[in-house]
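Derivation of every value follows stated rules applied to the coordinates shown; laboratory data play no part. On a predicted model such as this, the values are computed, not experimentally measured, just so you know. We place every Cβ from the backbone using ideal geometry, glycine too, and count neighbours over all the protein chains shown.
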Amino acid sequence: MHGDFGPHNTLFSPAGDIEAVLDWELASLGDALADFAYSLNAWTEPGDEGVYAADPATALPGFPTRAELAARYAAITGADLSNLAYYRAFNSGKTGCILHGVYARYQAGQKSTEGVDLEALGSRVFLALDSAATFAREVT
C-alpha cells in the first residue's frame, strides 16, 4: 500500500501513461482497496469541491470519471468493490486528519505561511470530514 497514491503523486507521459509513482515514504503493506479508495477520492471531477486542488488535472477532458475508473479497476483486478464506500470514508477521514495536522503546523508557526491560503486550507479539512460522513452513511 502506497499510502498517498493519487494523480498528485504520479508523473504522466504526454500520451497519458503513468511513468512514475512518487512519495513512497508512506509505503507499507496493507489492503490494496485502501490505496485505490484514496486515489479515487483524489480523482476530482468537474464541479467537485476541491479537497485536493483548485484546478486538478483529472477534471480535464480525456480523463475517465471515478465510476469509469472503478469499473476498470474491478475488471482488471477482479476486486469486490461492494464495500468501496467504507474505504472512501476511511480515506476521507484520514485526509481530514492529515490536512488538519498541516494546518496546525502553520498556525503554530512551524511552517512559513507565505503564499498559503490558511482559510482555504482550513475549509479543506471540513470538506474532507464531510465527505467521510457522507461515505460512512453509504456503508452497508
- Once a ≥ b ≥ c are taken as the square roots of the eigenvalues of the Cα gyration tensor of the stretch 7-138, is the result rounded (a/c under 1.5), prolate (a/b larger than b/c) or oblate (a/b not larger than b/c)? prolate
- Rounded to the nearest 20 Debye, what is the dipole magnitude of the stretch 7-138 about its Cα centre when Lys and Arg each give +1 and Asp and Glu each give -1 at the C-beta? 300
- Taking Cα atoms, the helix 84-107 axis meets the longest principal axis of the chain at an angle in degrees (rounded to 10) of 20
- Query: If contacts are Cα pairs under 8 angstrom and at least 6 residues apart, what is the relative contact order of the chain in percent?
  - Reply: 23
- With the dipole of the chain defined by +1 on each Lys or Arg Cβ and -1 on each Asp or Glu Cβ, the option from 136, 65, 41 whose Cα lies farthest towards the positive pole is 136
- Query: Which order do 66, 124 fall in if you start with the one that has the fewest other Cβ atoms within 10 Å?
  - Reply: 66, 124
- How much length is gained on full extension from residue 98 to residue 10, taking 0.36 nm per residue of separation minus their Cα-Cα distance? 29.7 nm
